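One structure is given below, encoded as C-alpha coordinates.
The values are calculated or read from the model by the stated rules, or taken from the named source; none is laboratory data. If you're wondering where the values come from, they're calculated on a predicted model, not measured in any experiment. Positions of Cβ are generated from backbone atoms using ideal geometry, with glycine treated the same way; all protein chains shown enter the neighbour counts. What goes into the accessible areas is simple: the full protein's heavy atoms, side chains included, and nothing from ligands, DNA or RNA. Shrake-Rupley method; radii C 1.70, N 1.55, O 1.52, S 1.80 Å.
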Amino acid sequence: MPIAASTSRAQLEALRELSEAIIRCSQEAISIADAQGNTILVNPAYTRLMGLEEAQVIGRPVTADIAEGESVHLRVLRTRQAIRGARLRVGPHAREVIVNAAPLLVGGELRGSVGVIHEVSEIRRLSDELASAKQLLRKLDPRRSFDEIVGDGPAISRTKELARRAAATPATVLLLGESGTGKELFAHAIHGASDRRDGPLVRVNCAAIPEGLLESSLFGYQGGAFTGARAHGQKGHFEEADGGTLFLDEIAEAPLALQAKLLRALQEREILRVGSSKPVRVDVRLIAATNADLEAAIDRGTFRQDLFYRLSVMPIRVPSLRERREDLLPLSRALLARICAEYRVAPVELAPDALALLATSPWRGNVRELENVLRRGLIDKPPDAGVLCAADLALEDLGAGPEDGDAAPGRPRGLPELRAAWERQLLRAQLARHGGNREATARALGITVRNLYYKLKRHRLG
Ligand SMILES: Nc1ncnc2c1ncn2[C@@H]1O[C@H](COP(=O)(O)OP(=O)(O)OP(=O)(O)O)[C@@H](O)[C@H]1O
Ligand SMILES: [Mg+2]
(Lines give C-alpha, C1' and ligand atoms only; values in the text may rest on other atoms or scores of the structure.)
(Ligands and ions follow the chains in the order given, each with its own letter.)
Protein backbone atom coordinates (compact mmCIF):
# COMPACT_ATOMS: atom_id res chain seq x y z
CA MET A 1 0.00 0.00 0.00
CA PRO A 2 1.35 3.46 -0.83
CA ILE A 3 2.37 5.41 2.27
CA ALA A 4 2.29 9.22 2.17
CA ALA A 5 5.37 11.12 3.46
CA SER A 6 3.16 12.89 6.01
CA THR A 7 2.09 9.65 7.68
CA SER A 8 2.55 9.94 11.44
CA ARG A 9 4.27 7.38 13.67
CA ALA A 10 0.95 6.36 15.19
CA GLN A 11 -0.56 5.88 11.73
CA LEU A 12 2.45 3.78 10.68
CA GLU A 13 2.05 1.62 13.78
CA ALA A 14 -1.64 1.16 12.95
CA LEU A 15 -0.70 0.16 9.41
CA ARG A 16 1.83 -2.36 10.69
CA GLU A 17 -0.77 -3.91 12.99
CA LEU A 18 -3.22 -4.08 10.11
CA SER A 19 -0.70 -5.78 7.78
CA GLU A 20 0.15 -8.28 10.49
CA ALA A 21 -3.53 -8.99 11.08
CA ILE A 22 -4.05 -9.58 7.34
CA ILE A 23 -1.16 -12.04 7.24
CA ARG A 24 -2.37 -13.81 10.38
CA CYS A 25 -5.90 -14.34 9.15
CA SER A 26 -4.83 -15.53 5.68
CA GLN A 27 -5.81 -19.12 4.89
CA GLU A 28 -2.52 -19.47 3.01
CA ALA A 29 0.52 -20.50 5.04
CA ILE A 30 2.88 -17.53 5.08
CA SER A 31 6.38 -17.11 6.48
CA ILE A 32 8.47 -13.94 6.47
CA ALA A 33 12.22 -13.78 6.91
CA ASP A 34 14.42 -10.76 7.57
CA ALA A 35 17.42 -9.86 5.43
CA GLN A 36 19.68 -11.96 7.69
CA GLY A 37 17.66 -15.10 7.02
CA ASN A 38 15.86 -15.34 10.36
CA THR A 39 12.14 -15.99 10.57
CA ILE A 40 10.31 -12.90 11.87
CA LEU A 41 6.66 -13.72 11.25
CA VAL A 42 4.57 -16.80 10.54
CA ASN A 43 0.79 -17.14 10.57
CA PRO A 44 -1.46 -19.82 12.13
CA ALA A 45 -2.01 -21.49 8.72
CA TYR A 46 1.76 -21.92 8.63
CA THR A 47 2.18 -23.44 12.08
CA ARG A 48 -0.76 -25.75 11.37
CA LEU A 49 0.74 -26.94 8.09
CA MET A 50 4.21 -27.38 9.60
CA GLY A 51 3.14 -29.00 12.83
CA LEU A 52 5.35 -26.53 14.73
CA GLU A 53 4.78 -23.92 17.45
CA GLU A 54 5.46 -20.28 16.62
CA ALA A 55 8.13 -20.19 19.29
CA GLN A 56 10.02 -22.96 17.53
CA VAL A 57 10.61 -20.83 14.45
CA ILE A 58 10.45 -17.11 15.33
CA GLY A 59 13.91 -15.59 15.58
CA ARG A 60 15.50 -18.82 14.31
CA PRO A 61 17.33 -19.30 11.00
CA VAL A 62 14.88 -20.10 8.21
CA THR A 63 16.57 -23.44 7.63
CA ALA A 64 15.25 -24.69 10.98
CA ASP A 65 11.95 -25.95 9.62
CA ILE A 66 13.24 -27.64 6.47
CA ALA A 67 13.47 -31.40 6.37
CA GLU A 68 14.75 -31.77 2.81
CA GLY A 69 15.76 -29.27 0.12
CA GLU A 70 17.32 -25.78 0.03
CA SER A 71 15.69 -22.87 1.86
CA VAL A 72 13.67 -20.79 -0.57
CA HIS A 73 14.06 -17.69 1.63
CA LEU A 74 17.85 -17.96 1.47
CA ARG A 75 17.75 -18.32 -2.30
CA VAL A 76 15.52 -15.26 -2.59
CA LEU A 77 17.79 -13.25 -0.29
CA ARG A 78 20.85 -14.32 -2.26
CA THR A 79 19.43 -13.72 -5.75
CA ARG A 80 16.86 -10.97 -5.02
CA GLN A 81 14.64 -12.88 -7.46
CA ALA A 82 11.18 -14.30 -6.83
CA ILE A 83 10.82 -18.08 -6.95
CA ARG A 84 7.73 -19.95 -8.03
CA GLY A 85 6.81 -23.56 -7.45
CA ALA A 86 9.84 -24.72 -5.43
CA ARG A 87 9.23 -28.16 -3.95
CA LEU A 88 10.57 -29.16 -0.56
CA ARG A 89 9.81 -31.20 2.48
CA VAL A 90 9.24 -29.29 5.68
CA GLY A 91 8.62 -29.66 9.38
CA PRO A 92 8.92 -32.67 11.65
CA HIS A 93 6.55 -34.68 9.41
CA ALA A 94 8.56 -33.89 6.26
CA ARG A 95 5.38 -32.68 4.51
CA GLU A 96 5.72 -32.17 0.77
CA VAL A 97 5.07 -28.53 -0.08
CA ILE A 98 5.26 -26.10 -2.96
CA VAL A 99 6.63 -22.65 -2.10
CA ASN A 100 6.32 -19.33 -3.88
CA ALA A 101 8.56 -16.61 -2.47
CA ALA A 102 9.49 -13.04 -3.29
CA PRO A 103 12.02 -10.52 -1.99
CA LEU A 104 10.71 -7.75 0.28
CA LEU A 105 12.18 -4.65 -1.27
CA VAL A 106 11.59 -1.31 0.45
CA GLY A 107 12.86 1.65 -1.59
CA GLY A 108 15.19 -0.69 -3.47
CA GLU A 109 16.65 -2.05 -0.24
CA LEU A 110 16.36 -5.76 0.52
CA ARG A 111 14.47 -6.13 3.83
CA GLY A 112 13.66 -9.80 3.74
CA SER A 113 11.67 -12.45 1.93
CA VAL A 114 8.06 -13.53 2.05
CA GLY A 115 7.01 -17.07 1.27
CA VAL A 116 3.61 -18.65 0.66
CA ILE A 117 3.50 -22.39 1.21
CA HIS A 118 1.01 -24.84 -0.30
CA GLU A 119 0.67 -28.42 0.73
CA VAL A 120 1.14 -30.75 -2.24
CA SER A 121 -1.26 -33.40 -1.05
CA GLU A 122 -4.02 -30.78 -1.02
CA ILE A 123 -3.16 -29.69 -4.56
CA ARG A 124 -2.96 -33.32 -5.59
CA ARG A 125 -6.37 -34.03 -4.11
CA LEU A 126 -7.88 -31.07 -5.94
CA SER A 127 -6.25 -31.96 -9.24
CA ASP A 128 -7.45 -35.55 -8.84
CA GLU A 129 -10.95 -34.29 -8.30
CA LEU A 130 -10.67 -32.04 -11.33
CA ALA A 131 -9.34 -34.89 -13.47
CA SER A 132 -12.15 -37.25 -12.57
CA ALA A 133 -14.73 -34.51 -13.08
CA LYS A 134 -13.26 -33.81 -16.50
CA GLN A 135 -13.30 -37.47 -17.38
CA LEU A 136 -16.92 -37.71 -16.35
CA LEU A 137 -17.77 -34.67 -18.46
CA ARG A 138 -16.07 -36.23 -21.45
CA LYS A 139 -18.16 -39.34 -21.05
CA LEU A 140 -21.37 -37.38 -20.67
CA ASP A 141 -20.65 -35.10 -23.58
CA PRO A 142 -19.90 -36.93 -26.82
CA ARG A 143 -19.25 -33.57 -28.47
CA ARG A 144 -15.54 -33.24 -28.86
CA SER A 145 -14.09 -30.02 -30.06
CA PHE A 146 -11.17 -28.72 -32.08
CA ASP A 147 -9.69 -27.45 -28.80
CA GLU A 148 -8.63 -31.00 -28.05
CA ILE A 149 -6.43 -31.08 -31.12
CA VAL A 150 -3.22 -29.70 -29.68
CA GLY A 151 -0.81 -27.67 -31.77
CA ASP A 152 -0.83 -24.24 -33.36
CA GLY A 153 1.97 -24.59 -35.89
CA PRO A 154 1.16 -23.66 -39.50
CA ALA A 155 0.58 -27.24 -40.74
CA ILE A 156 -1.94 -28.30 -38.10
CA SER A 157 -3.58 -24.85 -38.04
CA ARG A 158 -4.26 -25.07 -41.77
CA THR A 159 -5.72 -28.54 -41.31
CA LYS A 160 -7.92 -27.41 -38.43
CA GLU A 161 -9.14 -24.44 -40.46
CA LEU A 162 -10.04 -26.72 -43.37
CA ALA A 163 -11.83 -29.13 -41.04
CA ARG A 164 -13.75 -26.27 -39.40
CA ARG A 165 -14.94 -25.15 -42.80
CA ALA A 166 -15.92 -28.71 -43.69
CA ALA A 167 -17.83 -29.02 -40.41
CA ALA A 168 -20.02 -26.09 -41.40
CA THR A 169 -21.17 -27.91 -44.56
CA PRO A 170 -23.03 -31.21 -45.00
CA ALA A 171 -20.28 -32.48 -47.35
CA THR A 172 -18.68 -35.91 -47.10
CA VAL A 173 -15.19 -35.63 -45.60
CA LEU A 174 -12.25 -37.90 -46.34
CA LEU A 175 -9.54 -37.83 -43.67
CA LEU A 176 -6.15 -38.96 -44.92
CA GLY A 177 -2.90 -39.30 -43.03
CA GLU A 178 -0.44 -41.70 -41.49
CA SER A 179 -1.35 -43.90 -38.56
CA GLY A 180 -1.53 -42.07 -35.24
CA THR A 181 -1.81 -38.53 -36.64
CA GLY A 182 -5.18 -37.80 -35.06
CA LYS A 183 -7.71 -38.63 -37.79
CA GLU A 184 -10.20 -39.98 -35.28
CA LEU A 185 -9.82 -36.84 -33.19
CA PHE A 186 -10.63 -34.79 -36.30
CA ALA A 187 -13.68 -36.91 -37.07
CA HIS A 188 -15.03 -36.24 -33.58
CA ALA A 189 -14.25 -32.53 -33.77
CA ILE A 190 -15.95 -32.17 -37.15
CA HIS A 191 -19.07 -33.87 -35.84
CA GLY A 192 -18.95 -31.76 -32.67
CA ALA A 193 -18.68 -28.52 -34.64
CA SER A 194 -21.40 -29.42 -37.15
CA ASP A 195 -25.12 -28.72 -36.85
CA ARG A 196 -25.54 -32.48 -36.31
CA ARG A 197 -23.71 -32.33 -32.97
CA ASP A 198 -26.87 -33.25 -31.08
CA GLY A 199 -27.34 -36.28 -33.30
CA PRO A 200 -25.39 -39.52 -32.93
CA LEU A 201 -21.80 -40.10 -34.03
CA VAL A 202 -21.44 -43.74 -35.03
CA ARG A 203 -17.98 -45.10 -35.68
CA VAL A 204 -17.43 -48.21 -37.74
CA ASN A 205 -13.97 -49.68 -38.12
CA CYS A 206 -14.08 -51.42 -41.49
CA ALA A 207 -10.92 -53.37 -40.64
CA ALA A 208 -12.26 -54.75 -37.36
CA ILE A 209 -15.54 -56.28 -38.55
CA PRO A 210 -15.35 -59.70 -40.26
CA GLU A 211 -15.97 -59.32 -43.97
CA GLY A 212 -19.09 -61.48 -43.89
CA LEU A 213 -20.74 -59.27 -41.27
CA LEU A 214 -19.84 -55.85 -42.66
CA GLU A 215 -22.85 -55.47 -44.93
CA SER A 216 -25.42 -56.41 -42.32
CA SER A 217 -23.75 -54.35 -39.62
CA LEU A 218 -23.73 -51.27 -41.87
CA PHE A 219 -27.10 -51.65 -43.56
CA GLY A 220 -28.98 -53.87 -41.10
CA TYR A 221 -31.08 -56.86 -42.07
CA GLN A 222 -34.65 -57.83 -42.61
CA GLY A 223 -36.37 -60.28 -40.24
CA GLY A 224 -35.52 -63.87 -41.22
CA ALA A 225 -32.86 -62.76 -43.70
CA PHE A 226 -30.50 -65.52 -42.65
CA THR A 227 -30.17 -68.26 -40.05
CA GLY A 228 -29.56 -66.83 -36.61
CA ALA A 229 -31.02 -63.45 -37.61
CA ARG A 230 -33.52 -61.80 -35.29
CA ALA A 231 -37.14 -62.27 -36.24
CA HIS A 232 -37.82 -58.54 -36.47
CA GLY A 233 -34.61 -57.68 -38.18
CA GLN A 234 -31.98 -55.26 -37.03
CA LYS A 235 -30.97 -51.69 -37.77
CA GLY A 236 -27.54 -51.13 -39.26
CA HIS A 237 -25.07 -48.37 -38.45
CA PHE A 238 -26.41 -46.18 -41.27
CA GLU A 239 -29.84 -46.11 -39.64
CA GLU A 240 -28.34 -45.68 -36.17
CA ALA A 241 -26.49 -42.62 -37.42
CA ASP A 242 -29.68 -41.08 -38.85
CA GLY A 243 -29.66 -37.36 -38.13
CA GLY A 244 -25.99 -37.55 -37.18
CA THR A 245 -22.64 -38.62 -38.54
CA LEU A 246 -21.35 -41.99 -39.69
CA PHE A 247 -17.59 -42.30 -39.32
CA LEU A 248 -16.18 -45.05 -41.53
CA ASP A 249 -12.68 -45.66 -40.24
CA GLU A 250 -10.10 -47.66 -42.25
CA ILE A 251 -12.27 -47.29 -45.35
CA ALA A 252 -9.56 -48.83 -47.57
CA GLU A 253 -10.28 -52.16 -45.86
CA ALA A 254 -13.86 -52.28 -47.12
CA PRO A 255 -14.24 -55.15 -49.62
CA LEU A 256 -15.13 -54.27 -53.22
CA ALA A 257 -18.69 -55.64 -53.00
CA LEU A 258 -19.38 -53.42 -50.01
CA GLN A 259 -17.81 -50.43 -51.73
CA ALA A 260 -20.46 -50.71 -54.47
CA LYS A 261 -23.21 -50.64 -51.84
CA LEU A 262 -21.62 -47.69 -50.06
CA LEU A 263 -21.51 -45.78 -53.31
CA ARG A 264 -25.18 -46.46 -53.86
CA ALA A 265 -26.08 -45.36 -50.34
CA LEU A 266 -24.16 -42.12 -50.82
CA GLN A 267 -25.73 -41.38 -54.17
CA GLU A 268 -29.29 -42.30 -53.33
CA ARG A 269 -29.25 -41.28 -49.66
CA GLU A 270 -31.04 -44.52 -48.95
CA ILE A 271 -30.03 -48.03 -48.01
CA LEU A 272 -31.29 -51.55 -48.43
CA ARG A 273 -31.35 -53.82 -45.44
CA VAL A 274 -29.91 -57.25 -46.18
CA GLY A 275 -32.75 -59.49 -47.37
CA SER A 276 -35.05 -56.58 -48.15
CA SER A 277 -35.89 -54.79 -51.38
CA LYS A 278 -37.54 -51.84 -49.68
CA PRO A 279 -35.20 -48.84 -49.55
CA VAL A 280 -34.93 -46.91 -46.26
CA ARG A 281 -34.16 -43.20 -46.41
CA VAL A 282 -31.30 -42.07 -44.20
CA ASP A 283 -30.04 -38.61 -43.33
CA VAL A 284 -26.39 -39.17 -42.59
CA ARG A 285 -23.21 -37.12 -42.98
CA LEU A 286 -20.33 -39.39 -43.83
CA ILE A 287 -16.76 -39.01 -42.64
CA ALA A 288 -14.30 -41.60 -43.91
CA ALA A 289 -10.69 -42.08 -42.85
CA THR A 290 -7.73 -44.10 -43.96
CA ASN A 291 -3.97 -44.23 -43.57
CA ALA A 292 -3.67 -46.12 -46.86
CA ASP A 293 -2.73 -44.62 -50.19
CA LEU A 294 -6.14 -44.77 -51.91
CA GLU A 295 -4.80 -43.81 -55.32
CA ALA A 296 -2.38 -46.75 -55.19
CA ALA A 297 -5.28 -48.96 -54.09
CA ILE A 298 -7.25 -47.80 -57.14
CA ASP A 299 -4.28 -48.71 -59.37
CA ARG A 300 -4.13 -52.12 -57.73
CA GLY A 301 -7.85 -52.54 -58.29
CA THR A 302 -8.74 -52.89 -54.62
CA PHE A 303 -10.55 -49.57 -54.32
CA ARG A 304 -13.29 -48.25 -56.60
CA GLN A 305 -12.42 -45.03 -58.36
CA ASP A 306 -16.05 -43.83 -58.41
CA LEU A 307 -16.33 -44.29 -54.64
CA PHE A 308 -13.05 -42.43 -54.18
CA TYR A 309 -14.45 -39.45 -56.12
CA ARG A 310 -17.64 -39.54 -54.05
CA LEU A 311 -15.69 -39.61 -50.82
CA SER A 312 -13.11 -37.01 -51.68
CA VAL A 313 -15.43 -34.05 -51.97
CA MET A 314 -13.47 -32.59 -49.07
CA PRO A 315 -10.20 -34.45 -48.63
CA ILE A 316 -8.32 -33.38 -45.52
CA ARG A 317 -4.77 -34.58 -45.04
CA VAL A 318 -3.74 -34.66 -41.40
CA PRO A 319 0.00 -33.86 -41.26
CA SER A 320 2.49 -36.30 -39.78
CA LEU A 321 4.35 -35.30 -36.63
CA ARG A 322 7.54 -34.95 -38.73
CA GLU A 323 5.84 -32.19 -40.69
CA ARG A 324 4.92 -30.30 -37.56
CA ARG A 325 7.85 -30.62 -35.21
CA GLU A 326 7.05 -27.13 -33.89
CA ASP A 327 4.12 -28.73 -32.08
CA LEU A 328 6.28 -31.29 -30.29
CA LEU A 329 6.60 -29.28 -27.06
CA PRO A 330 2.94 -28.27 -26.65
CA LEU A 331 1.86 -31.77 -27.67
CA SER A 332 4.22 -33.45 -25.22
CA ARG A 333 3.04 -31.16 -22.42
CA ALA A 334 -0.63 -31.74 -23.16
CA LEU A 335 -0.20 -35.49 -23.47
CA LEU A 336 1.84 -35.62 -20.24
CA ALA A 337 -0.85 -33.67 -18.41
CA ARG A 338 -3.51 -35.99 -19.77
CA ILE A 339 -1.59 -39.14 -18.83
CA CYS A 340 -0.78 -37.82 -15.33
CA ALA A 341 -4.45 -37.06 -14.78
CA GLU A 342 -5.35 -40.53 -16.00
CA TYR A 343 -2.77 -42.16 -13.70
CA ARG A 344 -3.85 -39.85 -10.89
CA VAL A 345 -0.33 -38.62 -10.21
CA ALA A 346 0.97 -35.08 -9.68
CA PRO A 347 1.73 -33.22 -12.92
CA VAL A 348 5.18 -33.85 -14.33
CA GLU A 349 7.34 -31.41 -16.28
CA LEU A 350 9.45 -32.24 -19.29
CA ALA A 351 13.19 -31.63 -18.79
CA PRO A 352 14.99 -29.74 -21.59
CA ASP A 353 17.17 -32.78 -22.34
CA ALA A 354 14.05 -34.92 -22.75
CA LEU A 355 12.65 -32.48 -25.26
CA ALA A 356 15.97 -32.41 -27.11
CA LEU A 357 15.84 -36.19 -27.30
CA LEU A 358 12.23 -36.21 -28.51
CA ALA A 359 13.23 -33.76 -31.23
CA THR A 360 15.59 -36.35 -32.72
CA SER A 361 13.01 -39.08 -33.33
CA PRO A 362 11.43 -39.61 -36.77
CA TRP A 363 8.03 -40.35 -35.14
CA ARG A 364 6.88 -42.87 -37.69
CA GLY A 365 4.06 -43.71 -35.27
CA ASN A 366 3.18 -40.01 -34.96
CA VAL A 367 1.26 -38.66 -31.95
CA ARG A 368 0.26 -42.15 -30.84
CA GLU A 369 3.93 -43.15 -30.64
CA LEU A 370 4.76 -39.94 -28.74
CA GLU A 371 1.97 -40.70 -26.30
CA ASN A 372 3.31 -44.23 -25.76
CA VAL A 373 6.88 -43.01 -25.22
CA LEU A 374 5.69 -40.51 -22.60
CA ARG A 375 3.46 -43.09 -20.95
CA ARG A 376 6.36 -45.52 -20.62
CA GLY A 377 8.64 -42.70 -19.43
CA LEU A 378 6.21 -41.82 -16.65
CA ILE A 379 6.23 -45.40 -15.47
CA ASP A 380 10.01 -45.73 -15.71
CA LYS A 381 11.01 -42.48 -14.02
CA PRO A 382 11.97 -42.44 -10.33
CA PRO A 383 8.67 -42.21 -8.41
CA ASP A 384 9.40 -38.89 -6.66
CA ALA A 385 10.87 -37.04 -9.65
CA GLY A 386 8.70 -34.12 -10.73
CA VAL A 387 10.38 -34.02 -14.14
CA LEU A 388 10.71 -36.46 -16.98
CA CYS A 389 14.34 -36.61 -18.19
CA ALA A 390 15.91 -37.97 -21.35
CA ALA A 391 17.21 -40.90 -19.34
CA ASP A 392 13.61 -41.95 -18.57
CA LEU A 393 12.63 -42.07 -22.21
CA ALA A 394 13.08 -45.19 -24.27
CA LEU A 395 12.94 -44.17 -27.89
CA GLU A 396 12.93 -47.37 -29.86
CA ASP A 397 12.73 -45.81 -33.20
CA LEU A 398 15.73 -43.55 -33.50
CA GLY A 399 17.11 -45.35 -36.54
CA ALA A 400 17.04 -43.95 -40.03
CA GLY A 401 13.56 -42.60 -40.61
CA PRO A 402 11.82 -41.97 -43.91
CA GLU A 403 13.09 -38.40 -43.82
CA ASP A 404 16.63 -39.72 -43.93
CA GLY A 405 15.88 -41.21 -47.29
CA ASP A 406 18.02 -44.28 -46.74
CA ALA A 407 15.53 -46.59 -45.10
CA ALA A 408 14.21 -49.53 -47.06
CA PRO A 409 11.26 -50.78 -45.05
CA GLY A 410 10.39 -54.43 -45.28
CA ARG A 411 13.89 -55.53 -46.29
CA PRO A 412 15.54 -57.84 -43.75
CA ARG A 413 18.63 -56.18 -42.30
CA GLY A 414 21.94 -57.88 -41.65
CA LEU A 415 24.17 -57.51 -38.61
CA PRO A 416 26.45 -54.75 -39.98
CA GLU A 417 23.43 -52.69 -40.93
CA LEU A 418 21.73 -53.24 -37.59
CA ARG A 419 24.94 -52.38 -35.79
CA ALA A 420 25.28 -49.16 -37.79
CA ALA A 421 21.65 -48.24 -37.09
CA TRP A 422 22.18 -48.90 -33.41
CA GLU A 423 25.36 -46.81 -33.35
CA ARG A 424 23.57 -43.98 -35.12
CA GLN A 425 20.73 -44.18 -32.60
CA LEU A 426 23.16 -44.14 -29.69
CA LEU A 427 25.03 -41.14 -31.11
CA ARG A 428 21.86 -39.15 -31.60
CA ALA A 429 20.54 -39.99 -28.16
CA GLN A 430 23.80 -39.12 -26.40
CA LEU A 431 24.20 -35.90 -28.38
CA ALA A 432 20.69 -34.88 -27.42
CA ARG A 433 21.31 -35.84 -23.82
CA HIS A 434 24.34 -33.54 -23.71
CA GLY A 435 22.65 -30.67 -25.50
CA GLY A 436 24.83 -31.15 -28.58
CA ASN A 437 28.07 -30.72 -26.59
CA ARG A 438 30.60 -32.96 -28.35
CA GLU A 439 33.20 -33.09 -25.59
CA ALA A 440 30.62 -34.25 -23.07
CA THR A 441 29.11 -36.70 -25.57
CA ALA A 442 32.52 -38.21 -26.37
CA ARG A 443 33.27 -38.55 -22.66
CA ALA A 444 29.94 -40.25 -22.03
CA LEU A 445 30.59 -42.67 -24.87
CA GLY A 446 34.17 -43.34 -23.74
CA ILE A 447 35.69 -42.33 -27.09
CA THR A 448 37.92 -39.45 -28.21
CA VAL A 449 36.38 -36.29 -29.57
CA ARG A 450 38.17 -36.93 -32.86
CA ASN A 451 36.63 -40.38 -33.06
CA LEU A 452 33.21 -38.86 -32.32
CA TYR A 453 33.63 -36.33 -35.16
CA TYR A 454 34.57 -39.14 -37.49
CA LYS A 455 31.51 -41.18 -36.49
CA LEU A 456 29.15 -38.22 -36.76
CA LYS A 457 30.43 -37.52 -40.23
CA ARG A 458 29.99 -41.14 -41.26
CA HIS A 459 26.42 -41.15 -39.99
CA ARG A 460 25.79 -37.76 -41.55
CA LEU A 461 24.96 -36.35 -38.12
CA GLY A 462 27.76 -33.78 -38.04
N1 LIG B 1 -3.22 -33.03 -32.20
C2 LIG B 1 -3.42 -33.88 -31.19
N3 LIG B 1 -3.59 -33.41 -29.94
C4 LIG B 1 -3.76 -34.26 -28.92
N5 LIG B 1 -3.79 -35.58 -29.02
C6 LIG B 1 -3.64 -36.12 -30.23
C7 LIG B 1 -3.46 -35.29 -31.39
N8 LIG B 1 -3.34 -36.09 -32.46
C9 LIG B 1 -3.46 -37.35 -32.01
N10 LIG B 1 -3.64 -37.38 -30.67
C11 LIG B 1 -3.77 -38.59 -29.85
O12 LIG B 1 -2.98 -39.60 -30.45
C13 LIG B 1 -3.64 -40.84 -30.45
C14 LIG B 1 -3.86 -41.31 -31.87
O15 LIG B 1 -4.82 -40.48 -32.53
P16 LIG B 1 -5.95 -41.07 -33.49
O17 LIG B 1 -6.49 -42.36 -32.96
O18 LIG B 1 -6.92 -39.99 -33.76
O19 LIG B 1 -5.04 -41.37 -34.77
P20 LIG B 1 -5.47 -41.95 -36.19
O21 LIG B 1 -4.96 -40.98 -37.19
O22 LIG B 1 -6.91 -42.26 -36.19
O23 LIG B 1 -4.58 -43.27 -36.26
P24 LIG B 1 -4.89 -44.66 -37.05
O25 LIG B 1 -4.74 -44.37 -38.53
O26 LIG B 1 -3.80 -45.57 -36.56
O27 LIG B 1 -6.25 -45.08 -36.67
C28 LIG B 1 -4.94 -40.62 -29.69
O29 LIG B 1 -4.74 -40.97 -28.33
C30 LIG B 1 -5.17 -39.13 -29.83
O31 LIG B 1 -5.93 -38.64 -28.76
MG1 LIG C 1 -7.92 -44.07 -36.28
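Please tell me if Glu371 is within 16 Å of ligand 2 (Cβ to nearest atom) and outside the structural domain of Ala171 (by TED's automatic domain parsing). When the stated conditions are applied, Glu371 passes them.
Which of the residues belonging to region 184-207 are open to solvent by 20 Å² or more (accessible area, probe 1.4 Å) and within 11 Å of ligand 2 (Cβ to nearest atom)? Residues satisfying the conditions are Glu184, Leu185, His188, Arg203, Asn205, Ala207.
Just wondering, is there one or more residues in region 109-116 that are of a type in the set (Asp, Glu) and surrounded by 19 or more Cβ atoms within 10 Å (Cβ to Cβ)? No, there is no match, as no residue in region 109-116 is of a type in the set (Asp, Glu) and surrounded by 19 or more Cβ atoms within 10 Å (Cβ to Cβ).
When every residue of region 444-460 is checked against the conditions, none turns out to be open to solvent by 70 Å² or more (accessible area, probe 1.4 Å), closer than 15 Å to Leu395 by Cβ and free of Cβ contacts under 8 Å to residues at least 40 places away in the same chain. Residues in region 22-54 that are open to solvent by 50 Å² or more (accessible area, probe 1.4 Å) and either more than 14 Å from Gly91 (Cα to Cα) or part of a strand (DSSP E or B) (or both): Ile22, Arg24, Cys25, Gln27, Glu28, Gln36, Ile40, Pro44.
Of all residues in region 161-177, those that are crowded, with 21+ Cβ neighbours inside 10 Å and within 16 Å of ligand 2 (Cβ to nearest atom) total 4. Quick one: Arg87 ticks every box in (1) exposed (fewer than 13 other Cβ atoms within 10 Å of the Cβ); (2) within 16 Å of Ile123 (Cα to Cα) bar one, so which box is it? Result: Arg87 fails condition (1) only. Within region 252-267, residues that are on the phi < 0 side of the Ramachandran plot reach partners that are among the small types (Gly, Ala, Ser) and open to solvent by 20 Å² or more (accessible area, probe 1.4 Å) with beta carbons closer than 7 Å, at six or more positions or on different chains, in the pairs Ala252/Ala292; Glu253/Ala207.
Of the residues making up region 148-165, one or more are away from ligand 1 (no atom under 16 Å from the Cβ) and either more than 33 Å from the chain's Cα centre (by Cα) or assigned to a helix (DSSP H, G or I) (or both). Ala420 meets all of the listed conditions (1) in a helix (DSSP H, G or I); (2) modelled with pLDDT of 80 or more but one, namely (2). The residues listed here are Arg460, Arg428; of these, the one that is modelled with pLDDT of 80 or more and closer than 14 Å to Thr360 by Cα is Arg428. Mind checking whether some residue in region 328-344 is in contact with a Gly (Cβ under 9 Å, 6 or more places away or on another chain) and modelled with pLDDT under 90? There is no residue in region 328-344 that is in contact with a Gly (Cβ under 9 Å, 6 or more places away or on another chain) and modelled with pLDDT under 90. From the set of residues in region 55-65 that are among the β-branched types (Val, Ile, Thr) and surrounded by fewer than 19 Cβ atoms within 10 Å (Cβ to Cβ), which is nearest to Ala86 (Cα to Cα)? Filtering region 55-65 for residues that are among the β-branched types (Val, Ile, Thr) and surrounded by fewer than 19 Cβ atoms within 10 Å (Cβ to Cβ), the one nearest to Ala86 (Cα to Cα) comes out as Thr63. Take Ala86 and decide whether it is more than 17 Å from Glu28 (Cα to Cα) and in the same structural domain as Glu28 (by TED's automatic domain parsing). In short, no.
If only residues of region 208-235 that are among the aliphatic types (A, V, I, L, M) and modelled with pLDDT under 90 are counted, the one that is farthest from ligand 2 (Cβ to nearest atom) is Ala231. Restricting attention to region 129-154, the residues that are modelled with pLDDT of 70 or more and under 30 Å from Leu49 (Cβ atoms) add up to 2. Scanning region 176-228 for residues that are assigned to a strand (DSSP E or B) and either within 12 Å of ligand 1 (Cβ to nearest atom) or touching a His at 6+ places or on another chain (Cβ under 6 Å) (or both) gives Leu176, Leu201, Val202, Arg203, Val204, Asn205.
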